[in-house]
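The values are calculated or read from the model by the stated rules, or taken from the named source; none is laboratory data. No experiment lies behind these values; they were computed from the predicted model shown. Methodologically, a virtual Cβ is constructed for each residue, glycine included, from the backbone with ideal geometry; neighbour enumeration extends over all protein chains shown.
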């Protein structure tokens with residue numbers, strides 16, 4: 001996510017939605033502080049310093065996310081002040097694919113059109129509530145979430161299979177750098193689960209990412225054995241472990 005914003009907008013905080021912190025050179029010590037707090041590089045001293053800086057002002061972020069070996073030590077420093085967390089997901093396998101999928105794709109999965117926004121939002125909201133545990137419409141009636149989803153559609157990064165005007169499969173390339181496209185928001189209609197739509201649909205999105213010259217990546221909760229098996233069938237392999245600390 002951070003790499004995609006910097007690649008597109010540079011390092012201006014207003015343009016990338018947050019600040020980049022470093023104690024030395026950016027290739028050794030780096031943290032993104034915005035709606036998410038994302039430690040990117042550094043040792044124990046850097047993580048403690050980033051945590052202290054975050055605690056020195058009013059908390060702006062709703063979560064910590066990133067590689068587990070960076071997020072979890074940083075959370076230990078933050079927890080006495082910011083805790084308790086609403087949820088700590090300590091092991092989320094980060095998976096990647098840099099070749100064509102090893103299973104069939106779904107030719108009916110395609111980029112969503114802007115006139116399909118309302119139908120797509122129904123699925124996107126259901127996915128968000130199921131994954132994050134809160135309704136994205138809270139606070140502003142859903143205007144901000146609608147804008148975000150509309151932006152993904154406009155960029156050609158929201159994918160779905162429609163049947164009779166209803167979304168039965170969806171996913172997004174939520175973040176995209178010149179090298180990597182991160183797939184997120186994978187969802188299958190409850191009445192169509194177990195039919196293979198998730199496997200073939202995600203294979204289609206991954207094939208589009210790889211076909212554009214990028215590595216397809218995603219991360220998944222360790223306890224979601226069904227999703228992990230699905231991604232393995234597509235050809236994704238585990239390359240690292242992410243962690244997420246949900247605060248709000």
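On the stretch given as the stretch 73-93, residues that are touching a strand residue (DSSP E or B) at 6+ places or on another chain (Cβ under 6 Å) and crowded, with 19+ Cβ neighbours inside 10 Å total 5. In the condition set (1) touching a strand residue (DSSP E or B) at 6+ places or on another chain (Cβ under 6 Å); (2) surrounded by fewer than 16 Cβ atoms within 10 Å (Cβ to Cβ); (3) touching a residue at least 60 places away in the same chain (Cβ under 8 Å), residue 185 is compliant with all but (2). Of 146, 137, 157, all but one fail to be closer than 23 Å to residue 5 by Cβ and in contact with a helix residue (DSSP H, G or I) (Cβ under 7 Å, 6 or more places away or on another chain); the exception is 146. Please verify whether residue 238 is surrounded by fewer than 17 Cβ atoms within 10 Å (Cβ to Cβ) and assigned to a strand (DSSP E or B), treating the condition exactly as stated. Yes: the conditions hold for residue 238.
Please work out which residue is surrounded by the most Cβ atoms within 10 Å (Cβ to Cβ), limiting yourself to the stretch 51-68 and to residues that are closer than 20 Å to residue 27 by Cβ and in contact (Cβ under 8 Å) with a residue 40 or more places away in the chain. Before the answer, list the steps.
Pass one, the stretch 51-68, residues closer than 20 Å to residue 27 by Cβ: 53, 66-67.
In the following step, the residues that additionally are in contact (Cβ under 8 Å) with a residue 40 or more places away in the chain were identified as 66-67.
Numbers: 66: 24, 67: 17.
Applying the filter and picking the extreme gives 66.
Is it fair to say residue 69 is closer than 19 Å to residue 240 by Cα and out of contact with any strand residue (DSSP E or B) (no Cβ under 6 Å at 6 or more places or on another chain)? So residue 69 passes the test.
Can you tell me which of 198, 194 is in a helix (DSSP H, G or I) and under 22 Å from residue 102 (Cα atoms)? Steps first, please.
Values: 194 fails: in a helix (DSSP H, G or I).
Result: 198 is the single residue among 198, 194 that is in a helix (DSSP H, G or I) and under 22 Å from residue 102 (Cα atoms).
Residues are listed down the side, and each one gets a yes or a no for (1) under 18 Å from the mean Cα position of the chain (by Cα); (2) in a loop (DSSP other than H, G, I, E, B); (3) in the same structural domain as residue 133 (by TED's automatic domain parsing):
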{"position": "89", "(1), (2), (3)": "yes, no, no"}
{"position": "93", "(1), (2), (3)": "yes, no, no"}
{"position": "96", "(1), (2), (3)": "yes, no, no"}
{"position": "99", "(1), (2), (3)": "no, yes, no"}
{"position": "115", "(1), (2), (3)": "no, no, yes"}
{"position": "118", "(1), (2), (3)": "no, no, yes"}
{"position": "122", "(1), (2), (3)": "no, no, yes"}
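The residue that is nearest to the chain's Cα centre (by Cα), counting only those in the stretch 218-231 that are surrounded by 14 or more Cβ atoms within 10 Å (Cβ to Cβ) and more than 22 Å from residue 88 (Cβ to Cβ), is 231. When the stretch 20-45 is limited to residues that are touching a helix residue (DSSP H, G or I) at 6+ places or on another chain (Cβ under 8 Å) and under 24 Å from residue 136 (Cβ atoms), the one that is surrounded by the most Cβ atoms within 10 Å (Cβ to Cβ) turns out to be 37. Residue check: residue 48 meets all listed conditions (1) assigned to a helix (DSSP H, G or I); (2) surrounded by 13 or more Cβ atoms within 10 Å (Cβ to Cβ); (3) assigned by TED's automatic domain parsing to the domain that holds residue 211 but one, namely (3).
Put simply, of 142, 201, 174 the only residue that is modelled with pLDDT of 95 or more, under 26 Å from residue 244 (Cβ atoms) and surrounded by 14 or more Cβ atoms within 10 Å (Cβ to Cβ) is 201.
With respect to residue 79, determine if the residue is over 26 Å from residue 205 (Cα atoms) and in a helix (DSSP H, G or I). So residue 79 fits the description; yes.
Does the stretch 151-169 hold any residues that are in a strand (DSSP E or B) and either farther than 15 Å from residue 207 by Cα or over 16 Å from the mean Cα position of the chain (by Cα) (or both), and which are they?
Filtering the stretch 151-169 down to residues in a strand (DSSP E or B) leaves 158-163, 166-169.
Scanning the stretch 151-169 gives 160, 161, 162, 163, 166, 167, 168, 169.
Could you check the stretch 124-139 and list, in sequence order, the residues that are assigned to a loop (DSSP other than H, G, I, E, B) and surrounded by fewer than 16 Cβ atoms within 10 Å (Cβ to Cβ)?
Listed by number, the residues that qualify are 133, 134, 135, 138, 139.
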